[in-house]
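Single-structure report; data block below.
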């Protein structure tokens with residue numbers, strides 16, 4: 001046998017690993033329990049920490065305009081199950097009804113998620129609280145109730161999901177989150193196709209360590225305000 005023939009095939013220096021399906025399920029269950037525990041502790045801590053911000057924001061919203069302090073909207077959660085997401089109201093009353101008219105017909109996947117930097121529906125207080133993501137703080141309640149997680153793809157509108165390509169629906173395999181990979185990497189400056197790519201990357205690589213890395217980067221992303229509008 002020649003030297004070339006002897007070493008033509010790669011040598012597997014690692015023995016085969018036999019992991020039973022039951023072990024995989026138990027491992028996934030443990031990871032899910034740890035993530036849920038982090039969600040509960042993190043949401044409770046945030047709700048207590050930001051109580052003064054809640055009060056000041058509520059007062060500012062009521063002083064500027066009449067209408068509710070909170071804005072409730074149907075979003076699509078894990079496995080396509082709808083839930084009610086809560087935010088501080090940052091727009092004029094009735095703004096949701098104008099959304100479809102302003103968005104118009106989307107012609108490409110890049111345009112599915114509508115964001116307008118100069119959206120006329122946004123109030124003065126709304127522009128400030130959106131700039132620093134203060135409007136998103138009530139979603140810690142959604143995390144506490146189990147509809148959302150601290151980290152995961154941002155929850156989509158039913159009208160957006162209706163336009164998804166099959167690969168886009170991978171975003172619905174996990175709970176939606178308050179922050180995610182593209183939230184700490186450019187936010188609305190990243191188009192929908194780029195957001196989906198980062199969401200799919202998160203779903204593929206997700207772990208408690210990746211979640212903690214994203215959470216640690218989120219305050220800087222919020223203060224920097226890149227793509228926040």
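Got at least one residue in the stretch 184-191 being in a helix (DSSP H, G or I) and under 27 Å from residue 48 (Cα atoms)?
yes
Could you check the stretch 135-155 and list, in sequence order, the residues that are touching a helix residue (DSSP H, G or I) at 6+ places or on another chain (Cβ under 7 Å) and either surrounded by 21 or more Cβ atoms within 10 Å (Cβ to Cβ) or in a loop (DSSP other than H, G, I, E, B) (or both)?
135, 137, 140, 143, 148, 149, 150, 151, 153
Looking only at residues that are part of a strand (DSSP E or B) and touching a helix residue (DSSP H, G or I) at 6+ places or on another chain (Cβ under 7 Å) in the stretch 55-81, which one is surrounded by the most Cβ atoms within 10 Å (Cβ to Cβ)?
Restricting to residues being part of a strand (DSSP E or B) and touching a helix residue (DSSP H, G or I) at 6+ places or on another chain (Cβ under 7 Å), the top hit is 76.
Can residue 198 be described as without any contact (Cβ under 8 Å) to a residue 24 or more places away in the chain and within 12 Å of the chain's Cα centre (by Cα)?
Spelling it out, residue 198 is indeed without any contact (Cβ under 8 Å) to a residue 24 or more places away in the chain and within 12 Å of the chain's Cα centre (by Cα).
Mind counting the residues in the stretch 198-217 that are out of contact with any helix residue (DSSP H, G or I) (no Cβ under 6 Å at 6 or more places or on another chain) and under 12 Å from residue 182 (Cβ atoms)?
Result for the stretch 198-217: 5.
Residue check: is residue 130 within 14 Å of the chain's Cα centre (by Cα) and surrounded by 18 or more Cβ atoms within 10 Å (Cβ to Cβ)?
Taking the combined requirement at face value, the residue does not satisfy it.
For the stretch 170-193, what are the residues that are free of Cβ contacts under 8 Å to residues at least 40 places away in the same chain, surrounded by 15 or more Cβ atoms within 10 Å (Cβ to Cβ) and farther than 23 Å from residue 140 by Cβ?
Across the stretch 170-193, the qualifying residues are 170, 190.
A short reminder: the numbers here are calculations on the coordinates, not readings from a lab. What you are looking at is a predicted structure, and each value in this text was computed from that prediction instead of being measured. Neighbour counts are summed over all protein chains in view; Cβ atoms, including those assigned to glycine, are modelled from backbone coordinates with ideal geometry.
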